[in-house]
1. Is one or more of the residues making up the range 120-142 on the phi > 0 side of the Ramachandran plot and touching a His at 6+ places or on another chain (Cβ under 6 Å)?
2. Might you check whether a residue that is more than 21 Å from the chain's Cα centre (by Cα) and either assigned to a strand (DSSP E or B) or among the hydroxyl-bearing types (Ser, Thr, Tyr) (or both) occurs anywhere in the range 175-184?
3. Would it be correct to say that residue 40 is in a loop (DSSP other than H, G, I, E, B) and either among the basic types (Lys, Arg) or within 26 Å of residue 111 (Cβ to Cβ) (or both)?
4. If we scan the range 141-151, do we find a residue that is in a strand (DSSP E or B), within 15 Å of residue 176 (Cα to Cα), at pLDDT 95 or above and in contact with a Leu (Cβ under 6 Å, 6 or more places away or on another chain)?
5. Give the number of residues within the range 84-111 that are over 17 Å from residue 179 (Cβ atoms) and free of Cβ contacts under 8 Å to residues at least 60 places away in the same chain.
6. Given 30, 78, which one is under 24 Å from residue 110 (Cβ atoms), in the same structural domain as residue 140 (by TED's automatic domain parsing), out of contact with any Phe, Trp or Tyr (no Cβ under 9 Å at 6 or more places or on another chain) and surrounded by fewer than 22 Cβ atoms within 10 Å (Cβ to Cβ)?
7. Can you spot a residue in the range 201-218 that is surrounded by 14 or more Cβ atoms within 10 Å (Cβ to Cβ), among the hydroxyl-bearing types (Ser, Thr, Tyr) and over 23 Å from the mean Cα position of the chain (by Cα)?
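The values are calculated or read from the model by the stated rules, or taken from the named source; none is laboratory data. Only a predicted model underlies this, so the values are computations on that prediction, with no experimental measurement involved. Cβ placement follows ideal geometry from the backbone for every residue including glycine, while neighbour counts extend to all protein chains displayed.
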Amino acid sequence: MTLNITPGETKIGWIGTGVMGVSMCGHLIDAGFSATIFTRSKAKAEPLLSKGAVWADSPKAVAEASDVIFSIVGFPNDVRAVMLAEDGALAGSKAGNVLVDMTTSEPSLAVEIYEAAKARGVQSVDAPVSGGDVGAREARLSIMIGGEEDVVDSLDPCWQAMGKTIVYQGAAGAGQHTKMVNQTLIATNMIGVCEALLYGYKAGLDLPTVMQSVASGAAGSWSLSNLGPRIIDGNFDPGFYVEHFIKDMGIALAEAKNMGLSMPGLALAHQLYLAVQSQGHGRDGTHALELALAAMSGVDWKSR
């Protein structure tokens, strides 16, 4: 199925204007797409409304006014609600519409949405992203995509407006499976980043100076270069929420169990992040793992 996706002609819908969604939708508007939006808190949509977006009262109403409907919400139950409920986007879609879920969610749910949509002549694509708030703001996200390849290709003007690395992974659910690979890589890497900085601090080193030596060598990583400075500054504002990361790791562990895989490193990271959440940091960024590890060693990171 080949679609004609054209800025100025194609009408997009957007559901979810959180830390990342507001920037992503903003880039589409800047690229020339008209947008109809819905989010649970209308106040969070104000930056987009000021750009000319139109408010709708439900996901269904968004779909009724749109050709391509994007969503990026919190949890799989949120995805199910905005896509498949009676007032969800599928209920408001007509044949030829495309649903694009960019939430990190369950691969099985992506397949379920795809099949339900196809039965109504609607296309569905799963396209989770990586890059956090900075990647969303700077339009350089990595977008991992599952669905019918010709539909995915037709959406290229949208992908290009939001991301830098756009890769088709395969059939429905493949984008979500790829995001589970991504989250597994991040999970154990964050343990190393936080433990290393804690060690450097306790050893009496100047951490910005340490970063000059280690960030660009074999020990370097995106998390170290981008979140390390935030950790050092005591800035744990979210680029990606701890509670959402716990959700992602839970999905990955459940999928691993279904495949008969043992993933002890991911299980350890999951447990450590549950400790972060229990300490009251569920709505902080994933780098708040530093606070939990510091607490285990009796280090008050905030007053270092």
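1. Scanning the range 120-142 turns up at least one residue that is on the phi > 0 side of the Ramachandran plot and touching a His at 6+ places or on another chain (Cβ under 6 Å).
2. Within the range 175-184 (the criterion being more than 21 Å from the chain's Cα centre (by Cα) and either assigned to a strand (DSSP E or B) or among the hydroxyl-bearing types (Ser, Thr, Tyr) (or both)), the answer is no, since none of the residues qualifies.
3. Yes, satisfied.
4. no
5. 13
6. The unique qualifying residue is 78.
7. The answer is yes, given that some residue of the range 201-218 is surrounded by 14 or more Cβ atoms within 10 Å (Cβ to Cβ), among the hydroxyl-bearing types (Ser, Thr, Tyr) and over 23 Å from the mean Cα position of the chain (by Cα).
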